[in-house]
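The structure appears right after this line, and notes come after that.
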Amino acid sequence: MPESDLIDRPAVRQKLLSVLERKSLLLYGPRRVGKSTELDRLVANPPPGRRVIRIDLEGHLHYPIQELAQGARRHLVDAGLLQLDPTDGVESVQFAGFGLTLNEHEAEDPWRTLEGDLLRAVGRSGGLVLALDEVPWWLEAIETKLGAGQARAALAALRRLRQRTGLQEGLRMILTGSIGLNALAAELGASAELNDLEQAIMPPLDSAQGAALFESELTAFSLPCTPQAAQEATRLAGGSPHWIKRLASLCPTGASSAAKVEAAVEQLLTPMRRNEFRDEGREHFERRHRARMPALLAILESVSHVDKGAPKQGAINAAISALPELTHAQAMECVFLLMDEFYLRPGAADTLDWVNPLFRRWWLLYGNPNV
Ligand SMILES: Nc1ncnc2c1ncn2[C@@H]1O[C@H](COP(=O)(O)OP(=O)(O)OP(=O)(O)O)[C@@H](O)[C@H]1O
Ligand SMILES: [Mg+2]
């Protein structure tokens with residue numbers, strides 16, 4: 001997407017710049033809130049004195065650690081920050097997803113390859129930001145293929161790189177993840193490997209930013225849009241740029257009233273489009289939280305009748321009815337998990353609100369087929 005079509009998020013950029021002056025950071029936020037987009041902007045407009053590369057780790061990684069090293073190498077070469085010597089070799093092993101190949105020596109020790117490449121790139125650029133996008137995917141791939149111990153070791157290896165002499169000042173990392181990287185690290189017993197990072201949350205668009213995005217999506221096609229319609233779209237989408245754009249795309253004659261936005265919501269929720277929320281739905285809980293899934297589904301079910309203000313106690317009771325072995329504290333932890341992963345947020349006076357009201361409505365229709 002051209003930079004000029006993006007909504008400015010000065011507070012987010014300012015936060016990133018001010019943290020990067022001092023240390024590396026963990027950037028997390030709801031699905032599709034604009035994390036990757038903001039990282040790409042940082043690549044295009046880097047902090048003073050630094051170059052930025054972003055490596056997307058989402059996908060089906062076969063050799064996760066090698067692919068990280070290889071992805072970094074490819075990006076550093078593309079950015080002119082690394083020149084390969086003949087001894088760096090490009091012949092023997094081709095890894096899926098990345099254009100370059102590793103020689104046998106490097107294939108055996110991808111961490112050493114990465115370390116050497118980063119040292120050279122930092123030397124060349126003076127300062128580098130390595131943005132690793134979707135770290136939880138990468139960690140899960142390591143855990144699945146090589147075991148939890150290796151996933152822990154990988155987080156430790158990243159930390160060692162951040163603290164290595166010669167990289168400590170010159171290298172900053174940004175680790176991102178939509179699905180609680182902290183919680184994943186805690187499950188792996190590796191929380192300590194992240195505790196040198198400052199944490200920054202990427203918030204949804206505020207109402208003015210969201211309305212500006214919705215309006216610009218329509219006016220780009222000379223379609224009408226009232227301020228009320230733009231505000232309603234932002235509210236319904238919980239400020240998510242992805243869902244705001246999706247609603248605009250379902251207003252083929254524009255949004256001359258809030259009713260047009262409601263019609264777009266109905267379009268979005270037709271059975272034909274039920275898979276658009278699949279990532280956030282049951283599939284996610286099956287993949288990440290199988291043991292607690294009945295309690296998590298029951299909590300969402302119990303709060304699904306209103307956008308805002310569902311009693312927290314009702315959610316806790318629902319979790320315990322679904323999984324009677326849970327203690328009150330464990331049921332509460334399930335509620336917190338749904339907050340960590342941006343399904344729910346705390347509301348007024350011991351209540352819970354949905355982060356994305358559109359998702360609530362999707363949930364009612366398709367979320368829990370057992371109900
Ligand atoms: N500042 C912005 N202005 C306009 N559109 C934006 C902006 N930020 C993000 N978007 C749009 O929102 C959608 C989601 O953005 P992006 O992929 O960056 O989110 P994400 O948080 O990385 O998502 P995921 O959780 O899937 O990794 C994209 O269509 C993107 O173009
Ligand atoms: Mg992303």
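The values are calculated or read from the model by the stated rules, or taken from the named source; none is laboratory data. Since the model is a prediction, treat every value here as computed from it, not as a measurement. Note that we place each Cβ from the backbone using ideal geometry, even for glycine, and neighbour counts take in every protein chain shown. For accessibility, only protein heavy atoms count, side chains too; no ligands or nucleic acids. Shrake-Rupley method; radii C 1.70, N 1.55, O 1.52, S 1.80 Å.
For this structure, a couple of remarks:
- Residue that is most open to solvent (accessible area, probe 1.4 Å) [pool: residues in the stretch 257-286 that are among the basic types (Lys, Arg) and touching a residue at least 12 places away in the same chain (Cβ under 8 Å)]: Arg274
- The single condition from (1) within 30 Å of Ala121 (Cβ to Cβ); (2) among the basic types (Lys, Arg); (3) open to solvent by 40 Å² or more (accessible area, probe 1.4 Å) that Arg162 fails is (3).
- The set of residues in the stretch 1-27 being of a type outside the set (A, V, I, L, M) and out of contact with any Lys or Arg (no Cβ under 8 Å at 6 or more places or on another chain) consists of Pro2, Ser4, Asp5, Asp8, Arg9, Pro10, Gln14, Lys15, Ser18, Glu21, Arg22.
- Check on Ala154, small (Gly, Ala, Ser), more than 23 Å from the chain's Cα centre (by Cα) and more than 16 Å from ligand 2 (Cβ to nearest atom): no
- Filter result (more than 21 Å from the chain's Cα centre (by Cα) and touching a residue at least 12 places away in the same chain (Cβ under 8 Å)) within the stretch 26-61: Pro47, Gly49, Arg50, Arg51
- Selection from the stretch 95-124 of residues that are touching a Gly at 6+ places or on another chain (Cβ under 9 Å), modelled with pLDDT of 85 or more and open to solvent by 20 Å² or more (accessible area, probe 1.4 Å): Leu119, Gly123, Arg124
- All positions within the stretch 22-68 that are crowded, with 17+ Cβ neighbours inside 10 Å and more than 16 Å from ligand 2 (Cβ to nearest atom): Ser24, Pro46, Pro47, Arg50, Arg51, Tyr63, Pro64, Ile65, Gln66, Glu67, Leu68
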